[in-house]
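Participant: Dumping the structure here so I can ask a few things about it.
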């Protein structure tokens, strides 16, 4: 019985380590992806003043990159109809929904620390599916967004050479790159939740034997 009790404690400690890493990573991913969603620097003009995000933009006060930088929503206020390209509207819905799911996933992963009954495995499973969905949504949004580079709106600022997956005179901004990194890292969240649940099951098995 002592051997099984020792094994149970060892598995419990490893489960806690995996669970803490999972929770911290979930919070980090949710903050990173939400931050990227709010920033306009997805496509940046060479003057570094004009920048175009999913639903927000920044331009020079004179419209050509001169003067003070003015930032805001497309059309003056937030709304899918104000986003200048239908493809960007879809990207906003996909990536924004994925970012929202990551926030819910982070909250649910935190909740697993408080739930110590039989519901904890159910909560972990639900969080795993939530995080898997967020990965697919964000990756889809990131892939869809460059399809709108051939819009008349972006050509006005980045030149006639803009095309699908070609930003023309402009370049990909740091926010878009960070969004890709955040989506890539988010893949590990449901994986960690899977191993956390497996180790939790092993712990219950050893407790029964003890």
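The values are calculated or read from the model by the stated rules, or taken from the named source; none is laboratory data. All figures in this text were calculated on a predicted structure; none of them were measured in a lab. FYI the Cβ positions are ideal-geometry reconstructions off the backbone, even for glycines, and counts take in every protein chain you see.
Participant: With the requirement that a residue be free of Cβ contacts under 8 Å to residues at least 24 places away in the same chain and not in a helix (DSSP H, G or I), what does segment 31-55 give you?
Facilitator: 47, 48, 49
Participant: Within segment 20-30, can one find any residue that is closer than 30 Å to residue 112 by Cβ and modelled with pLDDT under 90?
Facilitator: Scanning segment 20-30, I find at least one residue that is closer than 30 Å to residue 112 by Cβ and modelled with pLDDT under 90, so the answer is yes.
Participant: Still on this model: Is it the case that some residue within segment 80-103 is surrounded by fewer than 16 Cβ atoms within 10 Å (Cβ to Cβ), farther than 19 Å from residue 188 by Cβ and touching a strand residue (DSSP E or B) at 6+ places or on another chain (Cβ under 9 Å)?
Facilitator: Yes: segment 80-103 contains one or more residues that are surrounded by fewer than 16 Cβ atoms within 10 Å (Cβ to Cβ), farther than 19 Å from residue 188 by Cβ and touching a strand residue (DSSP E or B) at 6+ places or on another chain (Cβ under 9 Å).
Participant: Wholly within segment 86-189, which helices (runs of 4 or more DSSP H) include no fewer than the required count, namely at least 2 residues that are on the phi < 0 side of the Ramachandran plot and in contact with a helix residue (DSSP H, G or I) (Cβ under 6 Å, 6 or more places away or on another chain)?
Facilitator: Passing ranges, in order: 86-111, 119-144, 174-186.
Participant: Within 25 Å of residue 75 (Cβ to Cβ) and without any contact (Cβ under 8 Å) to a residue 12 or more places away in the chain: is that true of residue 156 in this structure?
Facilitator: Taking the combined requirement at face value, the residue satisfies it.
Participant: Sticking with this structure for a sec: For segment 3-19, enumerate the residues that are surrounded by 15 or more Cβ atoms within 10 Å (Cβ to Cβ) and modelled with pLDDT of 80 or more.
Facilitator: 18, 19
Participant: Here's something else I'd like to know. Within segment 104-123, which residues are within 19 Å of the chain's Cα centre (by Cα) and surrounded by 21 or more Cβ atoms within 10 Å (Cβ to Cβ)?
Facilitator: Those that are within 19 Å of the chain's Cα centre (by Cα) and surrounded by 21 or more Cβ atoms within 10 Å (Cβ to Cβ): 105, 106, 109.
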